[in-house]
Each structure stands twice: as C-alpha cells, then as structure tokens.
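See structure below.
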Amino acid sequence: MFQKVSDSDFIRGEHSALKFWSTREIFRKLREKNAGRPKWSFLDGPITANNPMGVHHAWGRTYKDAFQRYFAMTGHELRYQNGFDCQGLWVEVEVEKQLGLGTKNAINDYGIDQFVNECKRRVLNFAARQTEQSQRLGYWMEWDSPNELRKLAENVGSEEPVEYETARGEKVADAAHRLVSKLGNPDWGGSYFTFSTENNETIWTFLKKCFTRGKVYRGHDVMPWSGRSGSAYSQMEIADGRKLTVHRSLFVKFPLQEREKESLLVWTTTPWTLTSNVAAAVNPELDYLKVQMKRDGQIYYFAKENLNYKRLDKEFKEGFGRPEWSWPEDIGKLKTLAQILKEQGGFEELGTIKGAEMVGWKYTGPFDELPAQSQPGGYPPEKNLMDKTAVDCHLVVDGGRDSKGNAHVVAGEGTGIVHTAPGCGDVDHKIGIELGIVGIAPLGENGLFQEGFGEFTGRNAIDQETVDLVIEKLQEKGLLVSVEKYPHIYPHCWRTGDELVFRLVDEWFIDMDWREEIKDVTRQIDWLPDSIDGQNREVEWLTNMRDWMISKKRFWGLALPIWINPEDPSDFEVIGSLAELKERAVEGWDVLEGNTPHRPWIDAVKIKSEKTGAVLSRIEDVGNPWLDAGITPFSTMGYNTHRDMWEKWYPADFVTECFPGQFRNWFYSLLSLSTMMRYDETDDPAMKRPFKTLLGHRLVMDELGRPMHKSDGTAIWFEEAAEQLGVDTLRWMYLNQNPAVDLRFGLRDKDQPVALETPDGTITETQEGSPTCKVTSKPADEIRRQFLIPLWNSYAFFVNYARLDEFNPNDEQVPYAERQEIDRWILSRLQTLIQVAHESFQAYDTSRFVTTAGQFIDDLSNWYIRRNRRRFWRSKDVNDSDKRAAYQTLHEVIVTLCQLLAPVIPFLSERIYQNLVFGRDLVAGETETPADSKWPESVHLCDYPQVNPELLDEELNARTATAQRVVKLGHQVREMTNMRVRQPLAEIRITCSDPGQQAAIEQLAGVIQDELNVKKITAVENLDGIVQYAFKPNLKTVGPKYGKLLGKIRKELPALDPQALAPLRAGESVTIDLSGDSITLEPDDVLVSTEQSSEWGTADEQGVQVAISTVLTDELIAEGMARDFVRHVQQARKDANLEIEDRIQIRYATEEARVREMVETWQDYISTETLADSLAREESVEDGKSVNVGDFSVVLAVSVS
RNA sequence: AGGCGUAUAGCUCAGUUGGUUAGAGCGCAGCUCUGAUAAAGCUGAGGUCGGUGGUUCGAGUCCACCUACGCCUACCA
C-alpha cells in the first residue's frame, strides 16, 4: 500500500534519501552488482583541497556523477575515485596567512618540516570538508570517511601510530604521515591525493623519461618573479595575473661620448632597471632624427616616426582589450614627443640619420657609479665575459630580430632607442646573449636590490620610493627629460596581487620540441562540445607554447628528482624512482627514510655522479603542480605498481572539466605527460591518449553574468545553494545547461543571513565561520516549477487515487494490446524517451536528455493524466479492468521515469520509486523491504530501462502529435473568435494534405472533439464554401524551374482567379498564362492557405487546416451556461476545502429566466458533476458569491449535505 | 599587434543544403482551462537579422570590406 503523498518538501526528501542510501549501503551494493562487468573508465580531475566547495565546482561534479550513474546502471564496472589536488603555491599561500608568515625567510625560520606538515593538514581538512559537501550533492565516489581524514590531519607530524579506517573498511595503523603518503592506493580505495608518494614517484618516472630523451635542462632566463613569494612564475600562471597598471615612465638622456652635448633619448616604464643599463639598441633600418633644444642647445637622437606618434591613442579611446581594462579616469591623454619637447622650450630639427650609422657610438650610462656597473663579467659575473664590464658595453647596438623575423626595436611608443638591461628583461636578455655583452641582474630572490647598487641596495624594486630615488638621481645628473604616468598591462602575482618584476633566474625546463607528438595525440581525442572547437584550441596552444618551466623555488610540492653538482651545473642527473635513489644514495638516506619524499627530508639525500664521481645534491626547487594533476592517468591506475590494473583502465573513457584555462593547464599536462610516458612503448598516437573523450564546460556566473568572488561575498558556498534551492533542482539545472555557455546561477545576498536546515542540523555559518546567506536563483526556480513540481504532482495524483482504490501494482497485468490507445501512446512516448536517454548519455549530451524528459513530463501531466482523470475518479469496482489498465500504465510510466531520471535527480527519483514499489515514505522513516519483491532495493540498483520495441509505436506517437496540433489550432480559432472553451460549438471541419494525418485525425476524432468541446467533427477533403483560398508559389520548387520569372509569378499568382487554380488542390497540374509567359504548375509548386469567413473561424499549420463553426444556437448557449455553472460550483467546493467525495447542496439566485430554464434542462448533469443532492433556486442567497454564467450574473452557495 | 569567434525581440539564445509570414524561453499585456497541479495553455505588442557592397530569380544564411564585442596568444623597452 502506498503512503499518502502530500507536501513535496524536496529538500527534506533529499536528506532522507541520503540517510536511506547510507544505512542500506546502496552504493556498496551497486559496486558489488557491477563487479567484473565491462569497464567504463572515468578519470577525475583533482579538485584543489584548499577551500570549501562552491556552486561553481558543483556543475562539473554533477556531470561526473550523472555519467557515472548512467554507466553503472547500464552494467559497467567503475573506479569511482575522486581526486584531491594537494601540492603547490596555492596551499602555501593560505598556510602562510594562517601562520602569519610573510616571507620565505620566515618559513625557513619556522621550519620547513613544520610548514610542510601544516600544508598536509590543511589539505586533509579541506579534503574532508569537500567530501562532505560532495556527498550532499549525491556524488557517489569511494569516499574516505571525513572524520578519519581529520584524524590524520590532527596527527600529522607525530611519530605516534594512529589507527585509520580505509574507505574499504580495513583498519591500518602507522604514523599519520606515512598513512597519508599511501592514501588512495588500490588496496585501500578512497580518493587519490596528489601528494601521495605514488603520485610523486610516477612523476619521477616521467621526468626520467624526459631526461633520457635529453629534454631536461637548466635555463637562465629573465622571468616574471614575485619577490614576496620568492619564486618565478610559469607562462601558465602569468596568464591569470595580468592587470592594467599605471607606471611612471621616464624619458632619459644617455650622453654620447666624443660628441659634445649630444645624447640618445631613451624611454622606460620600469625606472629601476636603469641601474642595470648595459646597452642602447636601435633598429638599423629606421630613420633617426637629430634635434636641437632651443633652451640649452642640447642635441637628442630618436626615431623620426616617434616625433609626432600618437602614443596609446587607440587605448585612450578603446581601452586595453578587455572590458575591465578601460583607460584610467585620472590619467590624461599622452603627449606626443614633439609636444613634450615643445613644452621644454622648443626644438629645431637638424637632420636625419640611419640607425645603422649610430651603431657603435659610445655613451655614458645613467648609473655608472654603481659598483655593479664596473664589475668584470657583469653582475653576477659571467665566466666567458670577464674581459668587460657593463660600462665597457655602453654602446649603441643593433636590436636584431626575433625568431619570426620581426625587429626587436620598432618606432612607436618610445623613442626608437631601447634601454637594454639584459638582467631585467626577457628580450634584453636575448639581445645580450646574441651580442655577447654582460648583464646586470640587480635583484635577489626577495625582490630587493643586492650589494653593489649603492643607495639602491636593500630597496624593493616595486616600491614607489625606489622610483622616486631613480628620478631624484637622474635630476641631479641632469639626465631626466620628462616623467609621465603611463598605463599598460603588466603581470601580477595571481595570488597576492603584487606586481611581478623581471629577474634573471635559473630554473628547470622541459624542452618541448616534441610538441608535434603531443598534437598527434590531441587529434585522437573527441573534444566536446563541438561548438568550442577544443581540439583546435589545444593544438593552437601546443603550437605557441614555450618550454615548460617545471621548477619553483618554494617548499611544498613535488620534490624535483634532479641532483646536481654544485661546482658544475652541467653535471646533473634525474632519478626515476625512490628505489633508484636509495641505491644511489651516498648520504642522508636515513633522514628521508620513514618520511614522505618531500622537502626538507629529501634534501638531505646525496648521490654520486656516475660521470664525474662528484657528490650531487638535490636542487631545492619543487615541481609545477600541473605535473601532479597530469600524471594521474598513470599514478592512480597503477602504472608503476599494478601494471595489470593499469592496462585494464587506461586510457580513461571520459574526463570532464571546466575549460577556460584548462587547455593550457590540466588538458595540456595530461596530454604531454601521457605522450612522453608512452613514447618508448608505442608509436600509435591513439595508444598514447590519456583519455578518449573530453567534455568541457564553461563558468558559473551570477544572475547578471558577472563573475562571483569570494572576496566580495558574491560567491555561493555549496551548502547555501543545496539547502535553499535543493540539490535535485541544481543538478537538473546544471545538466540542462549548454556546456559552451556560462551558467548564470543566481545571487547571494550577503546582507541577509539565513539559517539552513542541513542533514546534520541547523547551521547559521559555514564550518569556516562565514555566515550562511540568502541565495536566489531564477533558473533554479524555473526548473523546479517546470519539471520537478509537475513530476511530483503527477506522482501525487497517482498515489492518492491509487490509495482510495487500493490499487495493487502486483495485480495481474492488463495486456498492453487490451489497453486504451492513450495508454499505449504514453507507453510508446516513454520508449522514445528511453531511446533518447541512451543516445544522449552516450554522446555526453545531458542537455538533450533533460530537455526531452521535460517535454515528456509535460505530455504526461498535461495530456495523459488530464485526459484520463475520469478513469481514475470512477467509483471503485474490482472488475474495472480499464481502470486497472490506467493505473498500471501510469505506475509503469512513473517508475520507469524515475529509473531514467535517477542519474539526474537521484534523490527525488529514489523517493518516488520507494513509495511506488515498496510503499515506503522515505521522509517518514524506514520500513522493512518485502523479502520477495521483484524490485531492486533502490532505484539506483535498477538496470537502466531498455526500449521495448513492442511498445514503441512511432505511428501512434505521430498520430497523437497531429491530434495535439489540431487541438492547438482549435484553441487558436476559439481565441480569435472570442469563444471560450466551455461554450460548446456545433462543428469542426478538418482537412489536411497528408493522408497519414488525415487518418490520424479520424482515429482521434473523439479526443479532438472532447478537447475542443464541439458537437460534431468532420474530416473533409477541402474547406470549399467555408473559406477563401489563397495561392502562393512554392519558391523552393518553382525557383529552380523558372528562375528570373519568379518575381512575376510571385506577384501575379495570388491575383489570379482561384477557380482557375482549383485543380491544383485536386492534385492536377495547371498551365497558366502570365503576361505572355506560359507557366505550368504542379500541385507541389503552390502553397494554399485559407482566409476566414464570418460563420467559421479557421486556422492552419503545416498542411493541416481547421474550421470551427461559430454560430450559436440557444441550445449551445444553454449548455455553455451549464458548464459555467458546474465550474463555479466546483470552485466553490474547492474554496470551502471540501473533500473530493463530499456531497453537497446548492442554492442559487438569479433574475434571468434563461438561467432558470438552463438549470431545469441541465439539472441532472449539474448534480452528477458536482455531487449535489439538491439544486435549489432562492430569491436571494445572502451567503453566496456572485458569478457569471454565460452573459448573466448568478449568486451561488454550496454547503455539505 | 596577431589568431579565432560572435553580432537575430526588452533579456538569454535557436535558425538545417540559400526559399515564402525569422522562431523559442523569460519578462510584459490580455484571454482561456482547471476537483492532481504551487500549475498549464493560447493570443498579442515588440525585429531596417550590426553596417556597406557583392554573388543569386531569391541572402538572417554564401563572399568582401567596415564597425562593435568576446576569447586565445603575444607584448610596448
């Protein structure tokens, strides 16, 4: 017996379903059911375990769960391994904040081991937190117990053994950090953590392969550097941190030697780099102007084009290429060089000179007094250049060209003479190397000037005071020509927001000259959705990317397995495994043993060079964290340790991730690591792909399409959305969304705190202590209103009548063939939906499925149930097999629908399923499961429905669709002729061009008649006599035949006598004469439409034409009034909250004879419809309500008998 | 600066190989239906399909140029 259904209370229902799954261990049973079946390999992209989960994470995680559920229900074995991203600067940054450590030195003083342990703790704690949130999402993974993870976090750093219960329920005991290093291994199960030894060691395998192919090198490069973090930033990171910045830019004189009163005019936006000037570069092909200042006779050289060049003219008008990068309001338009010089007293042009003629001129640098400027070999000294100092190199040089052949020095923004500081700029560095000049690299790791820079020593390059000092010094020397504020796009630290400086660094790189191999692999993969052209985007990135900088001078991360001879940097080796390291170790293994292979422990290990015999130390750098995420197709599937398992699961069938950014991050690292890992194992690019299909999706935005930020309180935490909007609603919304388009989620009102009812009780703040706030979402509300509520109402309708009738779903089935056509129709529609479900999930297109399911729910609710209500209302009769057929049909449809929707809305589908097959109300609590039930214990243990070809009847589907179209047309006619549906009309005539449709209409005449409330339905061959026909040429067929005549045909055909064209409607061709041209038209060549007449309303659509008689007789009017009367009585019953079966007495008052006559005539009908025992007219009804019956007013009251 | 993409109703977007009167959802206005429904249905207003030119009997659709916007990449010393 079904439990009574009342309030939907979706969110409480979700809590109940969660409880049901956990007490019944449904997920474990699902895995057992599918063990040994064909595999579907999903690879989870690790989520950064550094903060709680927000609604932006939930989109991707909903995809992951929905596809996993679909493939589980279709009988596949899955891995169910979630991943946490654990290592890297983002964790360090948060831990630094937490511990109040501002600099790398502070971390060193605090103790790297303590710091690293704290990083581990933070990751474990947020992994626990995200696990709980993911479980609330209904995300079925083999989760570690959150509290067990927290226990590990607490004990990290202690050698005391702790007992840990693995995800598979096994109890293991050891020191916490040793347990932590093994998390996610194939024996324990549970999420993978990228800090695990397995993960790190597999990256070593990768790096060893790179090394073997000669791709690992140490590079000296000038790179963006953060003084605060003490670290260089890779290309990937810089892309995320660019900002519009205003710098003071300077025009400066470089006085020429041996040329009295003559100077080069140079320009810079980074004044601090003038301290490190070495050369001045020109373009030999440009014309340079020689001008003399009127004020003091000084002569300047600069590029001719630059004199009147309108600097940043376009940017001033249009900004810098992004909406948020518009020209700063407080900065005026930049002056031209000519303006600047005029303001200083004017100038005279003395002539022009080619750049080539200037090359070789010697000049005096702006800061030649600094000791670094006079240091042989530059600063730091370069061994091969010990014969010169920076001052010796102060020459005008040829700027040269880049790899694409473009000149480095161009006219435009500056002066055409480029201040060159090979220690402070990327291009400068390259020029320096080419020309063999020394470099000066003034900054230490902390971003401060080092010794040898006089008053600058100890100053921070990005401080304003440093710029002030430069300006002051230049003024003293008379070298400063002009200062201005100059806006441009400048790299910043993506975490701290600090400006980056360009600094000469030595970092470790992978030479990516094997990019073509990666591109070949990329082309073997399906990139979805098609519209974003992911494959080309990835290939484009691979074409343009530079060598991969894999090192970072930090503390928490992969220990790069590179051991180097401190005396000779060319003497280095890459170690491929811990076993190899142990074998090679000559010192310090005892420090590492028992600890994880992280800093600081691993730094103690030294090996001996096989080449030179020197003792090698590990470089102190840690690895780029995208290595951590990119190695997972190997590490998590057991490439090194469980090769047989790896062979079964690699490559992954599917990955999905938010795509902006990932083309250069995760997707890139997966592809390159996999290509390298497999280079010595196969030549087939298809065998090297880490995954077969990728589904990318865009970003979650607020309701107005703006990004949501944690910092300004607009970001929505997962629980805020889950407990206010409902998870099923969210999931439907995510799966409904076009993945190529940003999802406009909703708004969080940070000024409106709310208490949330969670499965664990009421909360008013998150675990991190921020208040939980009101969240609104229009798309979520719409989803709930359009799909979930109608689904619920359909279910509630079924249950509440089935209870009254004591319907038992296990009763003998009425054979399908004996059921009414409408039953067979909804079952057939259901088969179509099943088919679409399989197709959509297999094509990773959830939007298609969810949209189709929505249409089905509409058909179910607004056609099947509405049209069948009377079958369910009929009084109880055990022999009423038609009624039983209706119940059985509806039961089967809703149960199947739940199975189909289980991957989408796992909670609601479970709740409905439980009541429909076990009579269990999940919210009310647990009940026993009948032992003999043929039904699986949970909807999620069901096999996914398969199409039953016997029930699929395309023709019936089409037939009903036609009837629905006719009904729609009929409603249109009623609307246009102002005839309400309750007013019966005499006749509808229908005609259509397609014989199939004609037959359909005849078969479903009863339905159409009923829906449209007409007395007679006639299928006719044509509507002659009722309507006027209008003829138009069918351009698609006539166009190709008559070409240029078409214009005339279009104009003249409609004006012809309809009689002359009549044969066309009978299927015959007609030859007509149009101003001298003879035209033969086939029936297909014309389109016929109808025009209204006074007594018939007409409408047409897709070849179907209907006409409804609008002539009213007194009988028809009276019947319409009767229906109005019934309708108002019903409303009164509803208003009085009467039960459906209550019998009533009706009293009414009216002046109108026609109403009285109508009631007499229709008394029986009214009484039956409204369950009235009496129907009495009174002079006045004081307690009644005035209503309109037809054109007349009636006062009406009802009371229970 | 280079590459890619987009431009259609107040908003968000569909629009097949070129074809007749350019659609949907939301919002707005009106009407209708309703004893499962917190719904739903129908109608309407609102469009020079970014602009200019071209190909064609015919262009929202194809081509060229222009404008605006977005994304990616690079970058101004």
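Within the stretch A:356-495, the percentage of alpha carbon pairs spaced more than 27 angstrom apart rounds to 25%.
Only lysines eight or more places from A:LYS209 in sequence, or on another chain, were considered; those with a Cα closer than 22 Å are A:LYS519, A:LYS552, A:LYS582, A:LYS606, A:LYS608, A:LYS611, A:LYS688. Across q = 0.12, 0.15, 0.18, 0.19 Å⁻¹, the stretch A:473-525 modelled as identical point scatterers on its alpha-carbon atoms has Debye log10 I(q)/I(0) values of -0.70, -0.85, -0.94, -0.95, in the order of the q list. The alpha carbon centroids of the stretch A:1127-1201 and the stretch A:1032-1101 are separated by 55 Å. Less than 5 angstrom separates the built amide H of A:LYS354 from those of A:TYR288, all sequence-distant by 5 or more or on a different chain. Report the label-to-label distance for A:ASP392 and A:ASP680 in nanometres (one decimal), using points 7 Å from each Cα along the Cα→Cβ vector. The modelled label-to-label distance comes out at 4.6 nm. Panel values: the stretch A:650-800, Kirkwood radius from alpha carbon pairs, Stokes-Einstein at 20 °C and 1.002 mPa s, translational diffusion coefficient 116 µm²/s. Annotation for the stretch A:547-636: GluC sites (Glu not before Pro) lying in DSSP loop with at most 14 further Cβ atoms inside 10 Å of their Cβ are A:GLU567, A:GLU593, A:GLU610.
With a 1.4 Å probe and all protein chains left in place, how much of the accessible area of chain A comes from carbon and sulfur atoms, in whole percent? Write out the running numbers ahead of the final one.
On the way: 23300 of 50220 Å².
In chain A, the share of accessible area belonging to carbon and sulfur is 46 percent.
Taking the C-alpha atoms only, the angle from helix A:906-918 to the longest principal axis of chain A is near 30 degrees.
Entry comment: accessible area of the stretch A:914-996 is 48 Å² per residue, from protein heavy atoms only and a probe of 1.4 Å. For a straight C-alpha distance cut-off of 20 angstrom, the lysines reachable from A:LYS1051 (same-chain residues fewer than eight places away being disregarded) are A:LYS1032, A:LYS1036, A:LYS1041.
Annotation: average projected area of chain A is 63.8 square nanometres, based on the convex hull of Cα atoms across all directions. Computed over the alpha carbons of the stretch A:146-279, Rg followed by Dmax gives 27.0, 87 Å. On alpha carbon coordinates alone, what is the Rg over Rh value for the stretch A:76-221, Rh being the Kirkwood radius? Reported Rg/Rh (Cα atoms, Kirkwood Rh): 1.02.
Using a probe of 1.4 Å, the accessible surface attributed to A:LYS688 totals some 20 Å² when neighbouring protein chains are kept in position. Averaged per residue, the stretch A:709-795 has 44 square angstrom of accessible surface, using a 1.4 angstrom probe with ligands and nucleic acids left out.
Once the 1.4 Å probe is applied to the protein heavy atoms, the stretch A:508-644 comes out at 38 Å² accessible per residue. Relative to its Kirkwood radius, the Cα radius of gyration of the stretch A:546-618 gives an Rg/Rh of 0.96.
Helix A:112-136 and the long axis of chain A differ in direction by around 10°, with both axes built from C-alpha atoms. For the stretch A:1116-1149, state which GluC sites (Glu not before Pro) are in a DSSP loop and have at most 14 other beta carbons lying within 10 Å of their beta carbon. Answer in residue order: A:GLU1139, A:GLU1141. Bridgeable lysines around A:LYS29 (alpha carbons under 24 Å apart, same-chain partners fewer than 8 residues away excluded): A:LYS19, A:LYS39, A:LYS64, A:LYS171, A:LYS648, A:LYS934. Rounded to the nearest Hz, the phi-derived 3J(HN,Hα) couplings of the stretch A:1060-1066 under the Karplus curve 6.51 cos²θ - 1.76 cosθ + 1.60 (θ = phi - 60°) are 5, 9, 3, x, 4, 6, 8, where x marks glycine and proline. When the surface is traced with a 1.4 Å probe over the full set of protein chains, A:ARG37 keeps roughly 80 Å² accessible. Exposure check, 1.4 Å probe, all protein chains in place: A:ASP1135 carries approximately 90 Å² of accessible surface.
For the stretch A:467-476, 3J(HN,Hα) computed residue by residue from phi via the Karplus equation (6.51, -1.76, 1.60; θ = phi - 60°) reads 4, 3, 5, 4, 4, 4, 4, 5, 5, 4 Hz, glycine and proline entered as x. Any idea what angle helix A:821-842 forms with the longest principal axis of chain A, computed on alpha-carbon atoms, 0 to 90 degrees, nearest 10? With both axes taken from Cα atoms, the answer is about 10 degrees.
Couplings 3J(HN,Hα) of the stretch A:724-737, computed from phi: 10, 9, x, 6, 4, 4, 4, 4, 4, 4, 4, 6, 7, 5 Hz, in residue order, whole Hz [Karplus 6.51 cos²θ - 1.76 cosθ + 1.60, θ = phi - 60°; x for Gly and Pro].
Which of A:ALA1000, A:PRO371, A:GLN820 sits closest to the plus end of the dipole of chain A, meaning its Cα is farthest towards the positive end, when Lys and Arg get +1 and Asp and Glu get -1 on the C-beta? Projecting each Cα onto the dipole axis, the largest value belongs to A:PRO371.
The values are calculated or read from the model by the stated rules, or taken from the named source; none is laboratory data. Nothing here was measured: the structure is a model prediction, and the numbers come from that model. All Cβ positions, glycine included, derive from the backbone under ideal geometry; neighbour counts span all protein chains shown. Only protein heavy atoms, including side chains, enter the accessible area calculation; ligands, DNA and RNA are left aside. Shrake-Rupley method; radii C 1.70, N 1.55, O 1.52, S 1.80 Å.
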